[in-house]
Amino acid sequence: MKKMSLRKRFKVTTRGFGILKQYCPGLVQGKFLYEFINSLQPFVSVWFSAQIINEISGQRKIDLLVLYVSVVVLFNFVCAIFKSILKRICDEKESQMWSWFGKIFSDKQMSLDFACLEDAKIQHQKKQAEENLYMFGNGLAQLVWGTQTLVKALVNITASVAMTADLFTSRSGNAAADNPAWVFILFLCVLIGGLFNSKAVVKENDIFMEWCENTVWFNRAFTFFGQELYMNSDRAKDVRIYRQDKIAANMFDKLIQKEKSDGISIFKMSVYPAIACFLTGIANTVCYLFVVVKAFLGAFAAGDIVQYVAVLSKLGDGLQDLMFMLPDNEVYCIHLQSLFDYLDIPNNKYQGTIPVEKRSFCEGGDNEYEIEFCNVSFRYPGTNNDILKNISVKIQIGQRLSITGINGSGKTTFIKLLCRLYDPSEGEILLNGVDIKKYNYEEYMSIISVVFQDFKLFSFSIAQNVAADVNYNPVYVTECLAKSGFSKRLSQMPDGIGTYLYKDFEQNGVEISGGEAQKIALARAIYKNAPFIILDEPASSLDAIAEAGIYSQFDQITGGRTAIYISHRLSSCKFCDKILVFHEGRIIQNGTHNELVSATGGKYRELWDAQAQYYI
């Protein structure tokens, strides 16, 4: 196992507590307070018990006995109430802890450059950090649980030292029993038990870390074959038709064999703590004998025997817990560092500061935005091949532009650059003559509305999906749904625009078809009221009648906005002002439909003829 310095571990632990405070507020504080009360309570009870025994074996003052009993009963009653309240609070917060851990990854994913989301190395790094956290609670969860162990250790040591002072200062009259060296001897006995326990933890952790590194695939395979393959409805059809469960059964056999081999490691992890417990028992025996001998010689009363025996046991527990914490802290600090390495991935995209001019309809502006690609080339990170090559085109204000071409010709990549999901490898993209990288990113994104080919709707209400917000204008939502052709289906919804999609969060959620989902996605693009509207295959899931309806209402849908329309269906290009034909990352033709279809031998005419034969 790789080592980490104490200074580094302190920084990592401190940062971990900071993340817990941000995402799980009150959890660590609640654990700390609960364990402080829980650890201190036995010491108070033991002290009062010793006083009661001493009083019974001594003067037997009734009023003093009643006072001791009343105080200890009241103290334990109050502690029980506080512990019950704190435990309920902590249990609730801890049950939510795993969901909040998921938000840590979600927040990081949202803050990353889009290019990082498609970077296999970074996604592997994320997966590794997730598996460390969720598989065994390594890292943040251990920090939560370790808080209790640390508080318990510190309380046990502090209170034990305070309550055993009289053990060594009380005189029995026997020179050997009263020898100050016993302080060192007993401390050494307790320390030996702790040291062996610490060594056992180190050995155990070394085996555990090696086992963790070799079982990442186990967790992934188990999750996929045990849950995803059978539970995911998108896969379930193929699983049943092609009997892919046979492949899964074969993988389960491998998992079982892996589990058997892991049993050896688990046995080794158990041996070392067992040996440590045996040695700790011997050390405790020496401590108990010393207390009994000194009490026999008359150094202190019988009640004090109860106190010293119990307290010395707690001192041993405290030292063992502390020595356990030191090596164990190193383990979860290593896992925490793995998480921090992922969270510290920098954003390399240039973040501009120039505000975008307020020209949209909703601002009362003139909507005059003009985009120009100037000698733009692009290759995906980590590759050498240009997906786009020397693209130069101006998208004029209010223009309806169609982009077409065969699969892999660069159409969608063109849109990703326009949306600043990626930046050009060469050249620049201008908005009203200014490089789009210089604009404030959030403001630049506000002027673009997109329906991607692989769009996603969420398990929220229809209105929230359209508005992409919890607050929305219901009249405008309904109007946008009407423009996208969803009115008839909306009238059948039980709660209108308040109807929830899917059944993830609502039992009465409605399942919709691909075409219906596409209409809602189109309504979402309309609702944003952005000056640029981009439609990537917006009718791919629609039937012919619904598609014709979209075309006939295209002017109403775009509403004078600058519109970019990507489609393989060339019949959809006819109503656009200009068509760009992409092929192998280049624009090889541009013009109107009539111009391009008249160009015999051109790529557009070739594609047109290939599709037209199916409609003749």
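In order along segment 447-461, phi translates into HN-Hα couplings of 9, 10, 10, 10, 10, 6, 4, 9, 4, 10, 9, 10, 7, 10, 5 Hz, rounded to whole numbers, per the Karplus curve 6.51 cos²θ - 1.76 cosθ + 1.60 with θ = phi - 60° and x for Gly and Pro.
Solvent exposure of segment 42-131, expressed per residue, is 61 Å² of accessible area, with all protein chains present and a 1.4 angstrom probe. Could you please state how large a percent of the accessible area of segment 1-140 is carbon and sulfur, counting protein chains only and using a 1.4 Å probe? Accessible surface attributable to carbon and sulfur in segment 1-140 totals 65 percent. Report D for segment 47-87 in µm² per second (integer): Stokes-Einstein, Kirkwood Rh on Cα pairs, 25 °C, 0.890 mPa s. Value of D from the Cα-based Kirkwood radius: 221 µm²/s. Near Val510, the amide H atoms lying under 5 Å from its own belong to Tyr500, Leu501, Tyr502; only residues 5 or more places off or on other chains count, and H is placed 1.01 Å from N. Excluding ligands, DNA and RNA, the accessible surface per residue across segment 414-518 is 48 Å² with a 1.4 Å probe.
Residue-wise HN-Hα couplings along segment 27-33, as the Karplus relation 6.51 cos²θ - 1.76 cosθ + 1.60 with θ = phi - 60° gives them from phi, are 5, 5, 4, x, 4, 4, 5 Hz; Gly and Pro carry x.
Here the Karplus relation 6.51 cos²θ - 1.76 cosθ + 1.60, evaluated at θ = phi - 60°, turns the backbone of segment 470-480 into coupling constants of 7, 9, 7, 8, x, 5, 5, 4, 4, 5, 5 Hz, with x for every Gly and Pro. Geometric descriptor of segment 405-468, per residue, is 127 Å³ (volume of the convex hull of the Cα atoms). Surface listing: His124, His593, His568 arranged by accessible area from highest to lowest gives His124, His568, His593, probe 1.4 Å.
For Thr600 and Asn473, FRET efficiency with R0 = 45 Å and r from the beta-carbon atoms, rounded to 0.05? That pair, Asn473 with Thr600, gives E of 0.30. Database remark: amide H of Ile403 closer than 5 angstrom to the amide H of Tyr565, Ile566, Ser567, Leu580 (H placed geometrically; neighbours at sequence offset of 5 or more, or on other chains; Pro and chain starts carry no H).
In whole percent, and with a 1.4 Å probe on the protein chains, what portion of the accessible area of segment 471-544 is carbon and sulfur?
The nonpolar share, carbon plus sulfur, comes to 48 percent.
Under 13 Å from the Cβ of Lys93, count the other residues' Cβ atoms, weight Lys and Arg +1, Asp and Glu -1, and hand me the total.
After counting each charged neighbour, the total is +1.
Close amide H pairs (under 5 Å, H built 1.01 Å from N) link Ile387 with Phe378, Arg379, Tyr380, residues at least 5 positions away or on another chain. The Cα center of segment 367-422 and the Cα center of segment 507-540 differ in position by 23 Å.
The values are calculated or read from the model by the stated rules, or taken from the named source; none is laboratory data. Only a predicted model underlies this, so the values are computations on that prediction, with no experimental measurement involved. Every residue, glycine among them, receives a Cβ derived from its backbone with ideal geometry; neighbour counts consider all protein chains shown. For accessibility, only protein heavy atoms count, side chains too; no ligands or nucleic acids. Shrake-Rupley method; radii C 1.70, N 1.55, O 1.52, S 1.80 Å.
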